[in-house]
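Worksheet for the structure shown next.
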Amino acid sequence: MRTFRKPAMSVSMKPTRRSILGGLAATGLVCATRPGLAQSVPASTDPLIPERRAEQEAMRARMMAALKYERITVPGGRALAEWERLKRIGRGWPVIIGGDEDLARIADQFTMDDPAVSGVRLPDTKLRSPAEILATAKQLRFPTDLRKWPGTYQPNDLGAPIGEWPSEVGQVLPGPSIATDILSGKVLDRVHILLIPARFGWEVPAYLRWGDWNACPPPEYHVAALRTWHAAFGAELVAINGDTMNLRAANRPKTRDAAMALARDQYGYCPDIVDQGAASVAALAAILMASEWWFFWWD
């Protein structure tokens, strides 16, 4: 069982997989701990006492204030069109974040190691700048170096079958899933888009300090993966929330062999898309040939 790297503090969430990051308990306002933090999760789902709730709300306010990137809010049905408009403007890289809960979780990850937000300076942690993360990512080669990260799944951990090529693919992702409710499938009433001061979409995980919990790699490995796929397939990051990424590939793999190679790399990078999704590497490869949209999700 891998060790969770839990956020120092999270916020009000529904008990869905979106609200589960590092084993967070669903409460009126959620407090999670990491080794070394003296915080405690309330034992019940009853409302927190006023003093505790005030502390949590103050923490949330500091988290949100620290996330200073420009934010645009639109109806969910317009999210992709607005993303495309913002991308054409060229004032940075737009990324669809999702609803209010999703934005709060992005702020949570962004400030995870920030003592100015948590009030606690943990040993062996450092608040890295985007430039530092990008410099580390520049030295990485994907997928080879991903296997050197201690939290990654090694080949003998990846137990899904190769499988037979499916006779039909079925329904594929029609657009960014992050603009929809994960349970009902309905488009969200409103969606936040962050404008990141980055030139390329593959740089965004560095600017959000995104990842480094459970089997989800640290941000520099996401940068290396997305950079590689951008070069090979024109894949661009369109949307990201607390545990999910949506990429759109301009160039799909043209042969089954190319699709299988890509599917193997994606399975090693994000095992849940096969283990809890496509069920076989061949099924994922077929999806990659049929759809321009790529979906990654870490449990």
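Out of 116, 137, I need the residue that is free of Cβ contacts under 8 Å to residues at least 60 places away in the same chain and aliphatic (A, V, I, L, M). Which one? Before you say what the answer is, go through the steps one by one.
Details: 137 fails: free of Cβ contacts under 8 Å to residues at least 60 places away in the same chain.
Of the residues listed, the single one that is free of Cβ contacts under 8 Å to residues at least 60 places away in the same chain and aliphatic (A, V, I, L, M) is 116.
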| Going through the range 111-128 one residue at a time, which ones are open to solvent by less than 40 Å² (accessible area, probe 1.4 Å) and either not β-branched (Val, Ile, Thr) or not in a helix (DSSP H, G or I) (or both)? | 111, 112, 113, 114, 115, 118, 122
| said: For the range 60-79: of the residues being in a helix (DSSP H, G or I), in contact with a helix residue (DSSP H, G or I) (Cβ under 7 Å, 6 or more places away or on another chain) and hydrophobic (A, V, I, L, M, F, W, C), which is surrounded by the fewest Cβ atoms within 10 Å (Cβ to Cβ)? | reply: 66
| Could you say which residue among 106, 162, 133 is surrounded by 15 or more Cβ atoms within 10 Å (Cβ to Cβ), out of contact with any strand residue (DSSP E or B) (no Cβ under 7 Å at 6 or more places or on another chain) and either of a type in the set (Val, Ile, Thr) or within 25 Å of residue 226 (Cα to Cα) (or both)? | 133
| request: Select from the range 184-214 the residues that are without any contact (Cβ under 8 Å) to a residue 60 or more places away in the chain and either hydroxyl-bearing (Ser, Thr, Tyr) or over 13 Å from residue 224 (Cα atoms) (or both) and list them in ascending order. | output: 184, 185, 186
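Filter the range 261-277 down to residues that are in contact (Cβ under 8 Å) with a residue 60 or more places away in the chain and not β-branched (Val, Ile, Thr) and give me whichever is farthest from residue 228 (Cα to Cα). Give the derivation first.
If we filter the range 261-277 for residues that are in contact (Cβ under 8 Å) with a residue 60 or more places away in the chain, which is where we start, we get 265, 267-269, 271, 274-275.
After this cut, where a residue has to be not β-branched (Val, Ile, Thr) as well, the list is 265, 267-269, 271, 275.
On the way: 265: 11, 267: 15, 268: 14, 269: 12, 271: 18, 275: 23 Å.
So the residue we want is 275.
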| Counted residues, the range 129-153 - those being within 21 Å of the chain's Cα centre (by Cα), of a type in the set (S, T, N, Q) and outside any helix (DSSP H, G or I) | 2
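Residues that are surrounded by fewer than 24 Cβ atoms within 10 Å (Cβ to Cβ) and among the aromatic types (Phe, Trp, Tyr): list the strands (runs of 3 or more DSSP E) wholly contained in the range 216-299 that include at least 3 such residues. Write out each step before concluding.
Working: elements: 235-240, 244-249, 293-297.
Output list reads 293-297.
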| request: Take the range 80-103 and flag every residue that is open to solvent by less than 50 Å² (accessible area, probe 1.4 Å) and in contact with a strand residue (DSSP E or B) (Cβ under 7 Å, 6 or more places away or on another chain). | output: 82, 83, 86, 92, 93, 94, 95, 96, 97, 98, 99, 103
| request: Being among the basic types (Lys, Arg), over 30 Å from residue 260 (Cβ atoms) and more than 20 Å from the chain's Cα centre (by Cα) narrows it down to one of 85, 190, 105, so name that one. | output: 85
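Just to be sure before I move on: is residue 143 open to solvent by 70 Å² or more (accessible area, probe 1.4 Å), within 25 Å of residue 259 (Cα to Cα) and modelled with pLDDT of 95 or more in the structure I sent? Before you say what the answer is, go through the steps one by one.
Details: open to solvent by 70 Å² or more (accessible area, probe 1.4 Å): no; within 25 Å of residue 259 (Cα to Cα): yes; modelled with pLDDT of 95 or more: yes.
No; evaluated as a whole, the condition is false for this residue.
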| Residues satisfying the stated conditions in the range 70-101, i.e. in contact with a Lys or Arg (Cβ under 7 Å, 6 or more places away or on another chain) and of a type in the set (D, E, K, R) | 101
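Using the structure shown, decide if residue 87 is without any contact (Cβ under 8 Å) to a residue 60 or more places away in the chain, not β-branched (Val, Ile, Thr) and not in a helix (DSSP H, G or I). Write out each step before concluding.
Details: without any contact (Cβ under 8 Å) to a residue 60 or more places away in the chain: yes; not β-branched (Val, Ile, Thr): yes; not in a helix (DSSP H, G or I): no.
Judged against the criteria, residue 87 is not a match.
The values are calculated or read from the model by the stated rules, or taken from the named source; none is laboratory data. Quick caveat: nothing in here was measured; it's all calculated off a predicted structure. Neighbour counts run over all protein chains shown; Cβ positions are idealised from the backbone, glycine included. Each accessible area value is taken on the protein alone, full model and side chains, heavy atoms only, with ligands, DNA and RNA left out. Shrake-Rupley method; radii C 1.70, N 1.55, O 1.52, S 1.80 Å.
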